[in-house]
Amino acid sequence: LSPVHVIGGGLAGSEAAWQLAQRGVPVVLHEMRPVRPTEAHSTDQLAELVCSNSFRSDDAEYNAVGLLHEEMRRCGSLILRCADAHKVPAGGALAMDRDGFAGAVTEAITGHPLITVERGEVAGLPPEAWDSVVIATGPLTSPPLAEAIRSFTGEESLAFFDAIAPIVYLESVDLSKAWFQSRYDKPGPGGTGKDYINCAFEKDEYRAFIDALLTAEKVDFKEWEKSTPYFEGCLPIEVMAERGVDTLRYGPMKPVGLTNPHKPERRPYAVVQLRQDNALGTLYNLVGFQTKLRHAEQARIFRMIPGLEKAEFARLGGLHRNTFLNSPRLLDGALRLKAQPRIRFAGQVTGCEGYVESAAVGLLAGRFAAAERLGGEPSAPPVTTALGAILGHITGGANADTYQPMNVNFGLFPPVDERIRGRDRKLAYTRRALEDLEGWLKAAPAVAV
Ligand code: FAD
């Protein structure tokens, strides 16, 4: 068998290489460190954790990322195996000794008889002779490769910064205060004229909200991120608030073209609009609310919005340097570039967000590439599993026009029976997921060699 080339030896690339090799497929793993460093990595280890040492909750019954851990374990994940082996006490979270973890991944990969690690930058599109490639170069993809991808896929298809607005679960929005309506009742393409959820402010509520934004704690840009200016089109809301008390009321919070059916006699003073974020219609984003406020501050302040007092957030806002593709537009369901199917993408560069999600997408890319190399067809996990939910989101479920990085969360899963509420609802998601995963694994075993 000729080798599959994996570019990037981070969390996703290491996992993809492992999945391939465990199926008997030879791999060349190209990692540019230490020949060429990134701004965030500080070692030459594979799977280096660039910031926190946590994979977040390990609760596979009530938490979506904990469920993803469990699914990955059952799929023979190297990243989870090394995380479990180097775990440190962290309550309900799976946190690791970072050097022990990265050292174990590096040892497993470099010691695998079917994996060759080549240290060097791939500084452009992979050569034609590489007939199967997984690009897993992460949020800090080196500039020459990023530019090559951008010129191949098109100007709008690769972002260098994320501008993340918070996302809430529809079921946590109070529709006795908020209402569905598009501005001037205009139906957008395929819309109904009731495409947005609107949350209206009275004057005093708006003033209190602006004050809270102005005094909230923010996260600083890292030194190497500071050279990238804000795009005027996606200023953080707290920066807009600093420009004047009415700036937001004339910007993303403008109240025009909307009538509050709960108070039809009063014209709203300001309005926050929420737009559907996924095809399932379970998630809504706060339009224009990209922010660098601290997460705890965001939850506190955004619950001041009338109708969002009890909002549950599937994702909080952010703004970082982050190279990622418009995957829903560019990739097929097996993570292949539609325009050049010999190339797959994996990890954070696909627009998933987080260590675990990146490794999970690497795991899938590795399985898919291996299935093809062995003469079969890639088999996608059921959409009811955490692996299937994140894959479905990045390859089609998300809205391509507003695509921004996403963590795994229950809003990405097809809803369970709506009569099941509270904690039982989470349990219903995770039980269904693990049952369906088992069926999938039986049909497509974790290790085929
Ligand atoms: P990476 O782990 O970054 O791996 C990509 C690899 O590709 C790197 O080793 C890089 O050297 C290599 N590479 C890049 N270009 C080339 C090239 N042209 N040729 C060869 N090799 C190349 N997520 C969390 O869950 N928790 C956090 O605390 C967290 N903190 C973060 C902090 C920062 C500063 C950043 C940028 C991201 C953070 N993330 C965090 C997000 C994300 O989960 C991690 O970046 C994660 O490492 C992504 O995994 P990956 O495999 O896609 O990319």
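Could you list, in sequence order, the residues of the range 76-107 that are under 28 Å from GLU438 (Cα atoms) and assigned to a helix (DSSP H, G or I)?
LEU78, ILE79, LEU80, ARG81, CYS82, ALA83, ASP84, ALA85, PHE101, ALA104, VAL105
Given the criterion in a loop (DSSP other than H, G, I, E, B) and without any contact (Cβ under 8 Å) to a residue 24 or more places away in the chain, identify the matching residue among ASP424, ASP401, ASP417.
It is ASP417.
Which of the numbered conditions does SER327 fail, given that it passes all the others? Conditions: (1) surrounded by fewer than 23 Cβ atoms within 10 Å (Cβ to Cβ); (2) within 16 Å of the ligand (Cβ to nearest atom).
Looking at each condition in turn, SER327 falls short on (1).
Could you tell me whether any residue of the range 108-115 is part of a strand (DSSP E or B) and either modelled with pLDDT of 95 or more or surrounded by fewer than 18 Cβ atoms within 10 Å (Cβ to Cβ) (or both)?
Taking every residue of the range 108-115 in turn, at least one turns out to be part of a strand (DSSP E or B) and either modelled with pLDDT of 95 or more or surrounded by fewer than 18 Cβ atoms within 10 Å (Cβ to Cβ) (or both).
Within the range 224-340, which helices (runs of 4 or more DSSP H) (wholly inside it) include 1 or more residues that are in contact with a strand residue (DSSP E or B) (Cβ under 9 Å, 6 or more places away or on another chain) and without any contact (Cβ under 8 Å) to a residue 24 or more places away in the chain?
Result: 295-302.
Residues in the range 154-170 that are modelled with pLDDT of 95 or more and either in a helix (DSSP H, G or I) or over 18 Å from the mean Cα position of the chain (by Cα) (or both): how many?
Adding up the residues that qualify gives 1.
Of the residues ALA380, ALA369, ALA448, only one is farther than 16 Å from ALA64 by Cβ, part of a loop (DSSP other than H, G, I, E, B) and at pLDDT 95 or above; which?
ALA380
Going residue by residue through the range 3-24, is there one that turns out to be among the hydrophobic types (A, V, I, L, M, F, W, C), within 14 Å of the ligand (Cβ to nearest atom) and farther than 29 Å from GLY376 by Cα?
Scanning the range 3-24, I find no residue that is among the hydrophobic types (A, V, I, L, M, F, W, C), within 14 Å of the ligand (Cβ to nearest atom) and farther than 29 Å from GLY376 by Cα, so the answer is no.
Kindly provide the set of residues from the range 25-40 that are assigned to a loop (DSSP other than H, G, I, E, B), within 11 Å of the ligand (Cβ to nearest atom) and within 27 Å of PRO113 (Cβ to Cβ), ordered by number.
Within the range 25-40, MET32, ARG33, PRO34, VAL35 qualify.
Could you count how many residues in the range 241-258 are hydroxyl-bearing (Ser, Thr, Tyr) and surrounded by 15 or more Cβ atoms within 10 Å (Cβ to Cβ)?
Residues meeting the conditions: 1.
From the list SER379, SER358, exactly one residue is of a type in the set (Ser, Thr, Tyr) and within 16 Å of the ligand (Cβ to nearest atom). Which is it?
SER358
Restricting to the range 361-376, name every residue that is in contact (Cβ under 8 Å) with a residue 12 or more places away in the chain and away from the ligand (no atom under 15 Å from the Cβ).
Within the range 361-376, ARG367, PHE368, ALA369, ALA370, ALA371, GLU372, ARG373, LEU374 meet the criteria.
Determine whether THR192 is within 13 Å of the ligand (Cβ to nearest atom) and of a type in the set (Val, Ile, Thr).
Considered against the rule, which asks whether it is within 13 Å of the ligand (Cβ to nearest atom) and of a type in the set (Val, Ile, Thr), THR192 comes out as no.
The values are calculated or read from the model by the stated rules, or taken from the named source; none is laboratory data. Nothing here was measured: the structure is a model prediction, and the numbers come from that model. We place every Cβ from the backbone using ideal geometry, glycine too, and count neighbours over all the protein chains shown.
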